1. Given Cα pairs under 8 Å that are at least 6 residues apart, what percent is the relative contact order of the chain?
2. Rounded to a whole number, what is D in µm²/s for the range 5-54 from Stokes-Einstein with the Kirkwood radius over alpha-carbon pairs (20 °C, 1.002 mPa s)?
3. For n ≥ 4 DSSP H runs only, could you compute -39500 (n - 2.57) per run for the chain, divide by its residues and tell me the 222 nm figure to the nearest 500?
4. Name the residues whose placed amide hydrogens come within less than 5 Å of the amide hydrogen of LEU40, ignoring near sequence neighbours (fewer than 5 apart) on the same chain.
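Values in this text are rule-based calculations from the coordinates and carry no lab data. Only a predicted model underlies this, so the values are computations on that prediction, with no experimental measurement involved.
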Amino acid sequence: MRRSKELIEKRKEFVTNYVTHNQSKQMKVIVNELTEMLFLSERTIYNILTDDENDY
């Protein structure tokens, strides 16, 4: 199934904002919360975060 580019960008934005607002927590805890909220794998979340870092 193809995902729209808009949906992918919104998801990336949500993940990065969530990580930014919860920096006081350990990354593992943040990733677990995101997997439960967004039904994404840990690998997908880490890929979003590393891909976002490479964009800058």
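1. Working: 20 pairs, mean separation 20.4, N = 56.
Once divided by the residue count of the chain, the mean separation gives 36 percent.
2. Values: Rh = 10.9 Å.
Here the translational diffusion coefficient equals 197 µm²/s.
3. On the way: 3 runs with 42 residues, N = 56.
Roughly -24000 deg cm²/dmol at 222 nm, from the helical runs in the chain.
4. So LEU40 has HN proximity to no qualifying residue.
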